[in-house]
Amino acid sequence: MIFLILLTGGMSGCASPPKGFDSPVPAYRMDAAVDAAREGDRSAIPDLIGLLDSDDSLVRMVAIRSLERLTGQTLGYDHAAPEWRRDEAVERWVAWASAQSEAGARRSPDAAAAEPARSGAPSRR
């Protein structure tokens, strides 16, 4: 019986939760944040900013450390601060990301073409 379950890929209806930034499992969200920082994946910055609002303090801590590794700054965010103080810092992060996006949009096509091309999209859990 156990052999049959293993042969068919496990028990049907027992799907594991999705991994990545949108996972309901905090450990999977933290894995995605760590992967983004390790890979230098700046495209994950909006997702990391989103994790700063997590109800889980460990997720918030990993998110801010990942943002710090990618950007070199925390913008005054403290994962253990009261919610109102964290909200103020998240607003600073949102404004920072918006300014970065606008600055990138204003770059000339020649400047963008001179940058090294990225090889494929990094994998995130």
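The values are calculated or read from the model by the stated rules, or taken from the named source; none is laboratory data. Note that the structure is a prediction, hence the values are computed from the model and not measured. Virtual Cβ from ideal backbone geometry, glycine too; neighbours counted across all protein chains shown.
Just a few scattered comments:
- Any pair with Cβ under 8 angstrom, 6 or more apart, that starts in segment 48-62 at a residue that is touching a residue at least 24 places away in the same chain (Cβ under 8 Å) and ends at one that is part of a helix (DSSP H, G or I) and of a type in the set (Val, Ile, Thr): ILE49/VAL90; ILE49/VAL94; LEU51/VAL59; LEU51/VAL62; LEU52/ILE64; LEU52/VAL90; ASP53/VAL90; VAL62/VAL34
- Test: residue in segment 62-72 that is closer than 18 Å to SER23 by Cα, at pLDDT 95 or above and outside any helix (DSSP H, G or I): no
- Scanning segment 39-58 for residues that are farther than 14 Å from TYR28 by Cα and assigned to a helix (DSSP H, G or I) yields GLU39, ARG42, SER43, ALA44, ILE45, PRO46, ILE49, GLY50, SER57.
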